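Below is one structure, written out as structure tokens, with a few remarks after it.
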Amino acid sequence: MTKDNTPITKQKFMEELRRYEKGSISRRQFLGVTGLGTAMAVMGGAMPSLMPGRAQAQDLGDRVVLATWPNYHDTSNFDRFTDETGVYCQVNVFGSNEEMLAKLQAGGSGWDVFVPTNYAVPTYVKADLIEPLDLSKLPNYDPAAFDQRFADAGTIDGTVYGVPKNWGTTGIAFNTSKTGGVVDSWKTFFDGARDQFDGRAMVHDYQLTTIGNALVYFGHSFNSVDPAELADAEKLLIDVKPHLFAISSDYQPSMRNGDAWLTMCWTGDGKQMNADMPEIGFALGREGGEIWSDYYAIPKDAPHREAAYALINYLLDPEVNAREALAHGYPVADARTNELLPEELLNDPILYPAAERLSPLEFGAAVTLTDPNRAELMARFKSA
């Protein structure tokens, strides 16, 4: 029987079961369509995968530790995960891939899941810090559902090390009530920081974007490691440093309270601020900048490996992922999730800029993560 007491055919039941096993529908949707919600106790013995995860908590342990980015999740999903599995989700927040890499290289991070950006994955693989994923433990991951532009960086030499979380861009957030209008140029950003926006601009505490956007100011590649071009970027950054409000990757509080008027900004942060305060806009720099994708991955020394797989699989459930997207405002590369999202979100120009605005953007290159010249430049900038 279905939930409205209409008999369900065997064929329909098997179709819905296959959809559930592929991750096309959630457990809740499967139980609702098939009318099994009231028969869980009976079904548990024959189909234990449908039972709430709390019954499996003994196998998963009591906690899972996630290292991720600021403002990047619907925290209620962690509560739901705990309710279903009995596993508490501890969240650690970081502001750069360099921080994540240093923590893992030092050993004993205690992380079970972390969220590296596309360009960082090859470094983790080369350093043997990242677990090849057992996809049999991630039934909610359907490679065919993902836009490969934002999924392929998780696979190295045919081995999957990361499954896609989100993608986005790095642009400029600006308070139009303070800036007098749109800021959609890195030239305007850096020049304005030393002039009409003196003391009100923020840059990331993150070499990839801060150095990258300074390079783009001069027409260089976002990913350049050329010493002469890096010298141009350093001169600009050292010159602008005394005029900045702050160097921080957690810029939302300062933008919201009006202390900062403009900042380097990731897509979702721009959307979150704009939704709450329409005077805060978001634009891509006309000269170029970054497009990126982030992944769920498991460190080699994860202390709660089974819980890590359970959390990733849970977050890849399209219904769960849709809640994530509605909360954090980052574009999702999973077509199954996008089917559940409102059209106004999918057509939002902050999240999905026109193709001509995306075309000048570059994915981060692996060399930028470990290039000593970029690391030293960022250190000199921060200590100047």
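The values are calculated or read from the model by the stated rules, or taken from the named source; none is laboratory data. Note that the structure is a prediction, hence the values are computed from the model and not measured. All Cβ positions, glycine included, derive from the backbone under ideal geometry; neighbour counts span all protein chains shown. Surface accessibility is based on the protein's heavy atoms, side chains included, excluding ligands, DNA and RNA. Shrake-Rupley method; radii C 1.70, N 1.55, O 1.52, S 1.80 Å.
For the stretch 357-377, does any single residue satisfy the condition of being of a type in the set (Phe, Trp, Tyr) and at pLDDT below 95?
no
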- Of all residues in the stretch 126-139, which are in contact with a Pro (Cβ under 8 Å, 6 or more places away or on another chain) and either farther than 20 Å from Gly107 by Cα or not acidic (Asp, Glu) (or both)? Leu129, Ile130
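In the stretch 132-144, which residues are open to solvent by 10 Å² or more (accessible area, probe 1.4 Å) and under 19 Å from the mean Cα position of the chain (by Cα)?
First, the residues of the stretch 132-144 that are open to solvent by 10 Å² or more (accessible area, probe 1.4 Å): 132-137, 139-144.
Across the stretch 132-144, the qualifying residues are Leu133, Asn140, Tyr141, Asp142, Pro143.
Among the helices (runs of 4 or more DSSP H) contained in the stretch 172-261, which hold 1 or more residues that are open to solvent by 50 Å² or more (accessible area, probe 1.4 Å) and in contact with a strand residue (DSSP E or B) (Cβ under 9 Å, 6 or more places away or on another chain)? Talk me through it step by step, then tell me what you get.
Values: elements: 176-179, 186-193, 207-217, 227-240, 252-256.
Qualifying helices (runs of 4 or more DSSP H): 176-179, 186-193, 252-256.
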- Query: In the stretch 130-147, which residues are outside any helix (DSSP H, G or I), of a type outside the set (Val, Ile, Thr) and within 15 Å of Ala308 (Cα to Cα)?
  - Reply: Glu131, Pro132, Leu133, Asp134, Leu138, Pro139, Asn140, Tyr141
- Within the stretch 149-171, restricting to residues that are under 16 Å from the mean Cα position of the chain (by Cα) and surrounded by fewer than 16 Cβ atoms within 10 Å (Cβ to Cβ), the one that is farthest from Trp292 (Cα to Cα) is Asp152
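When you look at Lys165, is it closer than 26 Å to Pro360 by Cβ, in contact (Cβ under 8 Å) with a residue 24 or more places away in the chain and out of contact with any Leu (no Cβ under 7 Å at 6 or more places or on another chain), yes or no?
Numbers: closer than 26 Å to Pro360 by Cβ: yes; in contact (Cβ under 8 Å) with a residue 24 or more places away in the chain: yes; out of contact with any Leu (no Cβ under 7 Å at 6 or more places or on another chain): yes.
So Lys165 passes the test.
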- Note down all Cβ pairs under 7 Å where the first residue falls in the stretch 59-70 and is in contact (Cβ under 8 Å) with a residue 40 or more places away in the chain and of a type in the set (Lys, Arg), the second is open to solvent by 20 Å² or more (accessible area, probe 1.4 Å) and in a loop (DSSP other than H, G, I, E, B), and they're at least six residues apart or on different chains. Arg63/His304
- The helices (runs of 4 or more DSSP H) lying wholly within the stretch 301-368 that contain at least 3 residues that are open to solvent by less than 10 Å² (accessible area, probe 1.4 Å) are 305-316, 318-328
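Among the residues of the stretch 111-128, write down those that are part of a loop (DSSP other than H, G, I, E, B) and open to solvent by less than 30 Å² (accessible area, probe 1.4 Å).
Taking the stretch 111-128 and keeping what is part of a loop (DSSP other than H, G, I, E, B), we get 111-112, 115-116, 127-128.
Listed by number, the residues that qualify are Trp111, Asp112, Val115, Pro116.
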- Note on the structure: Result of the Cβ filter at 8 Å on the stretch 338-365, keeping first residues that are on the phi > 0 side of the Ramachandran plot and partners that are of a type in the set (S, T, N, Q) and in a loop (DSSP other than H, G, I, E, B), at least 6 apart or interchain, is none
